[in-house]
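Remarks on the structure that follows.
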Amino acid sequence: MLRRIPQLLIGLVLYGIADAMLIRAALGVDPWTVFAQGLSNLTGIGIGWLTNLIGLAVLLLWIPLRQKPGLGTVLNILLIGPSIELGLWFIQTPPELWQQILLFTGGLLLLAVASGLYIGSRFGPGPRDGLMTGIHARTGWPIWVGRTIVEVSVLAIGWLLGGDVGLGTVAFAILIGPLCGFTLPFFRVPEKAKRMPQGEAAPEPEPAPTPASVE
């Protein structure tokens, strides 16, 4: 527990900073951030605060899906949005394309590390992750089907509202999975081994979860 809580908090704050780096790179962002940008254009509310509100709205969708939030789910909603706003406050869009590419690359790598930290702390999935797994549990659809339907929908709405869709959006979709495939097992806090009766072999450890979405 002494490791898990600090790891969770650090991971969530770094996630918000990483998201701000991707936004300021201005090369395109992930579908949910495109959605938040579009709503920000429409309402004038900051992207970070809208990220909080969207997370809360998604969490309400867990009710009919019979998903149960954990501490990590609640803190995900509370901390990532303010961390995005903090990052947007002190990070500015660089003037040169190569600088934007470097900023985007750094943000993507930091986001993968942050995902490994907060998911690896084992305090429950983020609201968007739980939505994907909840759809899978209730409908029997493969997770990738539910993810595709949801993320294409929010991407399309966000783009129509003026969200930032670009090469960075494509790069994010292609690279974030493999990057998290490395960071999730690396940062995962191991579960305590259960005592087994003498002569009985302990079960094999479960593999690290692969997120349906990184938030």
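Inspect all residues belonging to the stretch 3-12 and state whether any of them is open to solvent by less than 40 Å² (accessible area, probe 1.4 Å), over 22 Å from residue 120 (Cα atoms) and hydrophobic (A, V, I, L, M, F, W, C). Looking through the stretch 3-12, none of the residues is open to solvent by less than 40 Å² (accessible area, probe 1.4 Å), over 22 Å from residue 120 (Cα atoms) and hydrophobic (A, V, I, L, M, F, W, C). If you take the residues of the stretch 177-191 that are part of a helix (DSSP H, G or I) and farther than 22 Å from residue 103 by Cβ, which of them is least open to solvent (accessible area, probe 1.4 Å)? Step by step, filter the stretch 177-191, then rank; the result is 184. Considering the stretch 63-176, the qualifying helices (runs of 4 or more DSSP H), each wholly inside and each with 2 or more residues that are touching a Gly at 6+ places or on another chain (Cβ under 6 Å) and buried (at least 17 other Cβ atoms within 10 Å of the Cβ), run over 71-90, 97-120, 127-139.
Among the residues making up the stretch 1-35, those that are of a type outside the set (A, V, I, L, M, F, W, C) and out of contact with any helix residue (DSSP H, G or I) (no Cβ under 7 Å at 6 or more places or on another chain) are 3, 4, 6.
Taken over the stretch 24-59, the criterion of being of a type in the set (A, V, I, L, M) and open to solvent by 20 Å² or more (accessible area, probe 1.4 Å) is satisfied by 26, 27, 39, 42, 45, 47, 53, 56, 57, 59. The number of residues in the stretch 1-34 that are over 13 Å from residue 72 (Cβ atoms), assigned to a helix (DSSP H, G or I) and among the charged types (D, E, K, R) comes to 2.
When the stretch 96-119 is filtered for residues that are at pLDDT 95 or above and not hydrophobic (A, V, I, L, M, F, W, C), the ones remaining, listed by number, are 96, 99, 100, 105, 106, 107.
The values are calculated or read from the model by the stated rules, or taken from the named source; none is laboratory data. For clarity, every value in this text was computed on a predicted model and none was experimentally measured. Quick reminder, even Gly has a Cβ in these numbers, built from the backbone with ideal geometry, and neighbours come from all protein chains shown. Just so you know, the surface numbers come from the protein's heavy atoms only, side chains and all, with ligands and any DNA or RNA stripped out. Shrake-Rupley method; radii C 1.70, N 1.55, O 1.52, S 1.80 Å.
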